[in-house]
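Okay, structure first, notes after.
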Amino acid sequence: MEATHKFVCQDDLVNPLSSMGMQVACILVISHFFHILLKALGQPGPIAQILAGLVLGPSGLSNITEIKEFFFQASAAEYYEMFGFFCRILFMFLFGLEMDFAYVRRNLRVVCIVAYGGAFVASFFGLVASFFVYKHLLAENVKLNASFVFCTMLFVSYTSSPVVNRLAAELRFATSDIGRLATSSAMVVELTCLLVFNLIIAFTKLTALRDGFFILLGLVPILFAFKYLAVWLNKRNRKQKYLRNPEVLLILSILIAGSMLIEMAMFNSVIACFVAGLAFPKEGKTARTLLHKLTYSVHNFVLPVYFGYIGFQFDASHLKSLTNILYIVILVLLSLGSKISGTLAVCHYLKIPLKEGVFLGFVLNLKGHADLLFVGSASKAIITWNPTAYNLLLMTIVINTVISGPVVALLMRKEEKLFTHTHTSLGFGLESPDQNELRLLACVYGPRHISAILSVIATLRGTQTASIMPYMTHLIELNQKRRTNVSYHELEAEEMSDEEDYGGNDVLEIHAAVDTFTAETQILINLNKAVSTLSNLHEEVCNTAEDLRATIILLPFHKHQRIDGKMESGKDAVRTTNQKILRHAPSSVGMIVEKGLAGALGFSQLFTVDIMQHVATLFFGGPDDREAIAWSTRIANHPRVNLTVIRFLPTESSNSRNMKVENEIGGNSDIEVYMALSSLETGNDIDNAFLNDFYNGYVASGKVGYVEKQVNNGAETVAALRDIGDLYSLFIVGRGGRGHSPLTTELSDWEECPELGTVGDLLASSDFNINGSILVVQQHRNSKKELIDD
């Protein structure tokens, strides 16, 4: 008997584990197959994964007796429940890490109105549906109570943020304005529904005080442990790119232990995991490692299996009854109608266009996460669902998502203008740059370029309250043949590797510089790596900028300054890639040339030394110079920047009234600043109107200095530039677009680097001795004709 009992226990332990492992593998394989088929039709991954679960579940292959006996073991439900628990911990912690909380804070009113508007109408419909479900689906011995009504209301009004986030990533609308509003609203709805659900359980059991203690006991130690552990791990082993696997395991073990304490109180730990990820220190290699490892595993394994398991629970045998089909149709229509009508109502109030309101309504109708808890094991303490009611509600969840997902994809294809990359230049933010979030993509080829790029990012932020979302991509040329026989995992273990194929030691230096920058400025930079062949490297940059909807792209110049002041060329691949990016960029581009390394006013010292930086914006006219002025409006708000706009005009326009203004620079000398107010009536009308707005907004208030210089030809322009060469640590100038201006035409005779434009090339030349760096700006080109005109 003892031997038999031991065999049964071992069999009960192994069989569910083996069947669950086989089920996970089958879901991954089948979902990948469906994804290949449906991707051609524009359908997202979660739909393919849910369909994979449908095929494998009781509605498909599990109808076969042998497969059903293998997958549906006696104690398999407990194993699946535990597996779902670990899945929820991982992806909610990751969502907290990735959450753009700054966007929610800036747009809290709009996000909450969209989230709660649709949820409120849906909850009212859920109130009505609760009586319908109670009368037709529940057992006769189950009494109608407040807990049941509230759970039904939550079920109808709920939005699954994991499904929304994954759908947004798959369809690439996560970084659009409407996409960020949708994902943020979905997260607000999910957290609110989970909070209300936990409160229902607490007050139903009359143990709210004890349960609250367990929640604090689980959450507070996690937050404190993560805060100090992240700082310690960042300082430990500085020569490592990422944390080692045991260190990652330690962090996840703390998270799981705290979550289990919360689950012991019969509460759901989803909110705690999300808060832990949201509060986790984002700077340093600890957060980078977690994002790197969790993003891959969650998006490629955890979420596909989780979504597949939703479809796996779909049992079509309950659809044999016409009455059950009618119940499901009613519940689906209630959910769809309430969500869409409520969302359209609040969108009308917020003056959001109708098409965007319809899109938001279908997105916020996606289900498939916490609603499984509302009708599943988490609610068994307060509600007794009979099998029919449980399965019909589960099918309602699946059908809602299967309907809403393809509709969202269809709306995206039909209304492409809603998701196009519109903020392609800074000109849109001239009137109030601090009110607009700046999304920029900075590119570096190695640690040599990092200081100048970071200084530009710091100045473009402007004030401390201005919103900026910087991304940095380390561009690495993929060689055809590796130059070493050392395997890749051995390269990762090397402390000081100069293997350039994968970044090598450059990655360590770039990470260290970015971490120092974040500690000094509190600007968080999102780092990634692009490895491609030389011919395709520019495509990586352009595609990334378009996916991120970056307003500007920052590039380093291919030359660097030697100790003797001469400019030395670097890799030809850098210059070639820069030229291709300038031709194909989906947004405005800025190229920084670092000069003046020996001077005390080095622009690269902006965020490391408390020195006032004097910056000059050179204006000759044209779209690129206007874009340079738009960049300057943000730079002028930086507390360590003193900006002066210098406009170059032909001498014949100087027959106007001049006003003399004293402007002190550096505390050493007074320079006469002449403002020819009537000069705004000469030259290009677009330039004059643009400068007139700029003058009224910035110069008249004293934020920015303004100087006009009269010159006749290129020689006088060169002489004027030499006169101011030692006064500024940064020169900002447009790349081109000036047409055949007599002020710059002669400069092209000795042009060496056309990618900088005539003026930028002159300033960057070794023969032109200045102590300032140069930022060359190119406005986004809307057509090939504009490129040809340059």
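Odds and ends about this structure:
- When each of the peptides 551-563, 613-625 is scored by the mean number of other C-beta atoms lying within 10 Å of its residues, the order from highest to lowest reads 613-625, 551-563.
- Residues whose placed amide H lies under 5 Å from that of SER773, excluding near-sequence neighbours: LYS595, PHE603, LEU730, PHE731
- Listed residues GLN240, PHE226, VAL149: farthest to the positive end of the dipole of segment 80-416 (Cβ charges): GLN240
- With 0.36 nm allotted per residue and the present C-alpha distance subtracted, the LEU322-ALA345 stretch has 4.9 nm of extension available.
- Dipole magnitude of segment 289-422 about its Cα centre (Cβ charges: Lys, Arg +1; Asp, Glu -1), debye to nearest 20: 140
- Judged by the mean number of other Cβ atoms found within 10 Å, the most tightly packed of the peptides 267-279, 242-254 leads the ranking 267-279, 242-254.
- One decimal place: the segment LYS414-ASN526 gains 37.1 nm when fully extended, by the rule 0.36 nm per residue minus the C-alpha distance.
- Accessible area, probe 1.4 Å, largest first, for residues GLU263, GLU752: GLU752, GLU263
- Cα-projected label distance for ARG238 with PHE203, points at 7 Å along beta-carbon direction, nm: 5.4
- Positive-end extreme of charge dipole, segment 80-203 - chosen from MET99, VAL163, GLY118 (charges on Cβ): GLY118
- Contact order relative to length of segment 513-596, as percent, for alpha carbon pairs under 8 angstrom and 6 or more apart: 32
- Per-residue extension of 0.36 nm, minus the Cα-Cα distance of HIS584 and ASP723, leaves a gain of 46.5 nm for this segment.
- Legend: distances between Cα atoms for LYS39/LYS293; LYS235/LYS571; LYS417/LYS703; LYS559/LYS580; LYS529/LYS559; pairs beyond 28 Å are LYS235/LYS571; LYS417/LYS703.
- Per-residue accessible area (protein heavy atoms, 1.4 Å probe) orders ASP726, ASP687 as ASP726, ASP687, starting from the largest.
- Point-charge dipole on Cβ atoms (K/R +1, D/E -1) for segment 80-416, about Cα centre, debye to 20: 1040
- ASP723 accessible area, assembled protein chains, probe 1.4 Å, Å²: 120
- Whole-number accessible area per residue in Å² for segment 80-416, which is evaluated in the context of all protein chains at 1.4 Å: 42
- Just the protein heavy atoms count here, and of the accessible area of segment 80-416 at 1.4 Å, carbon and sulfur take up 69 percent.
- Note on GLU81/GLN464: beta-carbon distance plugged into 1/(1 + (r/R0)^6) with R0 of 56 Å gives a FRET efficiency of 0.75.
The values are calculated or read from the model by the stated rules, or taken from the named source; none is laboratory data. These numbers were taken from a predicted model, which means no experiment stands behind them. Ideal geometry is used to build each Cβ from the backbone, glycine not excepted, and the neighbour counts take in all protein chains shown. For accessibility, only protein heavy atoms count, side chains too; no ligands or nucleic acids. Shrake-Rupley method; radii C 1.70, N 1.55, O 1.52, S 1.80 Å.
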